Amino acid sequence: MGHRTYASIPFFDGMQHIELLSQYLVAGITYGTIYAVVAIGFNIIYNATGIINFAQGEFVMLGGMTAVMLHTLLPLPLAILGAVIITMTVGALIEIVFIRWLTSPAVLRLTIITIGIAILIREIALALWGTGVKALPYFTGTAVTVISIGDVHISPQVLWVISISAVMVVILHFFFTYTLLGRQMRACASNRDAARLCGISAKNMVTLSFVLSAGIGALAGCVVSPITYVQYDSGTSLAIKGFTVAILGGLGNSMAAIAAGLILGILESFSIWVMPTAYKDVIAISILLLILFVRPSGIFGNVEASRLKEF
Amino acid sequence: MKIELIIKDSGASPEKAISFAKQLIEEDKVFAIIGPSTSGETMKIKGIAEESKMILISCAATEAIVNPVAKYVFKSPQNDSYAAIRIFEQMQTMGILKIGVLSSNTGFGKAGKEQIEKLAPQYGIQIVANEVYDKEATDLTAVVTKLKAAQVQAFINWSIEPAQAIVIKNARQIGLAVPIFQSHGFGNIQYVKAAGPAAEGVIFPAGRLLVVDTLPKDNQQKAVLVQYKKDYESRFKEDASTFGGHAYDAFMILVKAIEKAGPDKEKVRETIENMQGFIGTGGIFNFSPQDHNGLDINSFEMLTVKDGKFAVLAKQATKKKK
């Protein structure tokens, strides 16, 4: 009897449904990790400065593009390392040129400056690399290599993205919790003046946070580029999803960003199963709005703490 | 006669295309406009060109640009309905009856989807899954999983974004081993490079520029194509694609008309409208007051990807698989 009812629903065809379910799950995990790895970059600058850096997507694009360019001369690991270092330098320069000299800037003003920076980077990338689509080679195997469990297939690159994000989150967690530098950065975020009274250079901490998040963005750009490809304007769309996920998890919390990324990715994937694909982004934006209305501190955020924040 | 060229980069944005078109017409007072390259942009300025009696030779594909005919609007690329027809003819020879259709949410994707939906029943082909994705999609695994669940015998993807490389990669990753058809938007080797081994065997209609080396000597277009490819590649140091060819055709049609009719806008318009047998990179153009594109279905060749390169789809290949 049970079998008959399944068969009447077009997608459930005998035993196939478990495998389909798993395949959608894998797709969702792929989306989710891409979003999460971008979201982490948002969190670092937010942690140090309280601003949302809308140029984060451009750091991701810059990392991917630079790595592709370097890879014509260098082996893959060196090209990625080079791209991360170059993007970090760009991050530092941006902070020094556009932000450092401002005296007691408002958070909103800084955030708007980052939007300008994003447009600037995008136009420079367009002039430098043109509109072409580029990609790094798959770290393991080729575009069609998959690891199969039964009829469920996953690209090894997805596992690379997952493991690199995981390592990144753990390192960041230790950095912010246990190292002096990390704690200085957090101190600046929670109270700039008090931190300065304790002898912490707030300006250096902000520069450092830009360097760090540029580096993380660039690394993210390198690991996701075989899956998503990279183009001068691919940063924007990645940033929107990354931003959604950062909000969803609770701004500033990288662990929560991973969880929120996976939740959003899996929800999107399953939405494609039951609804036309065109509605996929409706799901993402609806969730974002819902969270902003109902629980602005994010799913995993602390409600008390978020009341004290400016954003 | 000297032609002065004013170049505006509309970056595929319809808004920019509108403001540039107005600028060219009102401030620069140009003789004619070539482009834009996307259907969405062209449709937005079709009315503007017609109102200001400005000759517009678009480099975009959508049939709606020239159907209904606007007196001053022409286009050089082949109609997308021809692309859809060639695809369906190919499917018939391969015995394919149940297909999936994917398209991006752009002017090009939307127009292609409409043509496919309109023409499929005439070829006895049933669309069992029909999905539209965002043009900025970064991964389409879930979408191709849906095609797999619907047990399609083949699928058509209609887009010009990086997504057209992503989709074939994801399809092969999840083990969807059916024939994949793409639109003529696939005629740019960078997408083949991006998709790597996943691009092998993809079937799509395109102008003959991409396979000029393998054309027989007696092909009427061969000389034009060889010359264009050589000139383009020595100047720009990159592979020639059909898109540049469309702009070249548009320009040469205009030049030819001006040479014949002199620098008189009305006469040039009339000359283009009655131009016959012009050999371009996209095909052989025969314009008429009813047909402002001038190309027929034979301007498309069915191509495939073999060892990372474009090749004419071999006739035997049409019979293999079932």
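Read-outs throughout are calculated quantities, based only on the coordinates presented, and are distinct from any laboratory measurement. Here the structure is a predicted model, which is why all the values come from computation and not from measurement. Don't worry about glycine lacking a Cβ; one is built from the backbone with ideal geometry, like all the others, and counts go over all protein chains shown.
Between helix A:180-190 and chain A, what is the angle of the helix's C-alpha long axis to the longest principal axis, kept within 0 to 90° and rounded to the nearest 10? Between the helix axis and the principal axis of chain A, the angle is about 90 degrees. The value of relative contact order for the stretch B:103-153, using C-alpha pairs under 8 Å at least six residues apart, is 40 percent.
Semi-axes of the equivalent ellipsoid for the stretch B:1-105, please: Cα gyration tensor eigenvalues, times 5, square-rooted, ordered largest first, whole Å.
In descending order the semi-axes read 33, 14, 12 Å.
If I model chain A as equal point scatterers sitting on the Cα atoms and use the Debye formula, what is log10 I(q)/I(0) at q = 0.07, 0.13, 0.16 Å⁻¹? Values returned for q = 0.07, 0.13, 0.16 Å⁻¹ are -0.29, -0.94, -1.34.
Among the trypsin sites (Lys or Arg not before Pro) within the stretch B:166-271, those in coil by DSSP and having at most 14 neighbouring Cβ atoms inside 10 Å are B:LYS217, B:LYS237. Of A:SER286, A:SER209, A:SER269, which has the largest mean-square fluctuation in a 10 Å C-alpha GNM of chain A? For chain A, modelled as a Gaussian network with Cα springs under 10 Å, the answer is A:SER286. Under 10 Å, Cα contacts only: if you run a Gaussian network model on chain B, which one of B:THR242, B:THR93, B:THR141 comes out with the highest mean-square fluctuation? The residue that fluctuates most here is B:THR93. Could you tell me whether the stretch B:81-206 comes out rounded, prolate or oblate from its Cα gyration tensor? Rule is a ≥ b ≥ c as square roots of the eigenvalues, rounded for a/c under 1.5, then prolate if a/b exceeds b/c, otherwise oblate. Rounded is the answer for the stretch B:81-206, as its axis ratio a/c remains below 1.5.
Close amide H partners of B:TRP158, meaning residues 5 or more places away or on another chain with modelled amide H under 5 Å apart, are B:LEU102, B:SER103, B:SER104. At what distance in angstrom do the alpha carbon centres of the stretch A:195-228 and the stretch B:94-159 lie from each other? First find each Cα centre; the distance between them is then 42 Å. Residue by residue along B:190-203, Cβ atoms of other protein chains within 10 Å of the local Cβ number 3 on average.
Sorting A:26-36, B:151-161, A:168-178 by average packing, meaning the other beta carbons within 10 Å per residue, from highest down gives A:26-36, B:151-161, A:168-178.
The phi torsions of the stretch A:248-265, fed into the Karplus equation with coefficients 6.51, -1.76 and 1.60 and a -60° offset, translate into couplings of 4, x, x, 4, x, 10, 6, 4, 5, 4, 4, 4, 5, x, 5, 4, 5, x Hz, rounded to whole numbers, with Gly and Pro shown as x.
Fraction of C-alpha pairs exceeding 33 angstrom in chain B: 25 percent, rounded to a whole number. Here the contact order of chain B, divided by its residue count and restricted to Cα pairs under 8 Å and six or more residues apart, works out to 17 percent. Remark: the stretch B:141-146, residue by residue, has Karplus-estimated 3J(HN,Hα) of 4, 5, 5, 6, 4, 4 Hz, where x stands for each Gly or Pro and the curve is 6.51 cos²θ - 1.76 cosθ + 1.60 at θ = phi - 60°. Partner shielding of B:168-176 amounts to 6, given as the average count of beta-carbon atoms from other chains within 10 Å of each residue beta-carbon.
Applying both filters, DSSP loop and at most 16 other Cβ atoms within 10 Å, to the GluC sites (Glu not before Pro) of the stretch B:1-103 gives B:GLU4, B:GLU27.
With a ≥ b ≥ c the root eigenvalues of the C-alpha gyration tensor of the stretch A:92-203, is it rounded (a/c under 1.5), prolate (a/b larger than b/c) or oblate? Verdict is oblate for the stretch A:92-203. Comparing mean-square fluctuations of B:PHE204, B:PHE236, B:PHE20 from a GNM of chain B with C-alpha springs under 10 Å, the top value falls on B:PHE236. With contacts taken as Cα pairs under 8 Å at a separation of at least 6 residues, the stretch B:81-206 carries a relative contact order of 27 percent. Per residue, the convex hull around the alpha carbon atoms of the protein assembly as shown comes to 178 Å³. Rounded, prolate or oblate for the stretch A:56-138? Axes are the square roots of the Cα gyration tensor eigenvalues, ordered a ≥ b ≥ c, and the cut-off for rounded is a/c under 1.5. It is prolate, given that a/c is not under 1.5 and a/b is the larger ratio. Compared with the dominant Cα axis of chain B, that is its longest principal axis, helix B:14-26 is turned about 10°.
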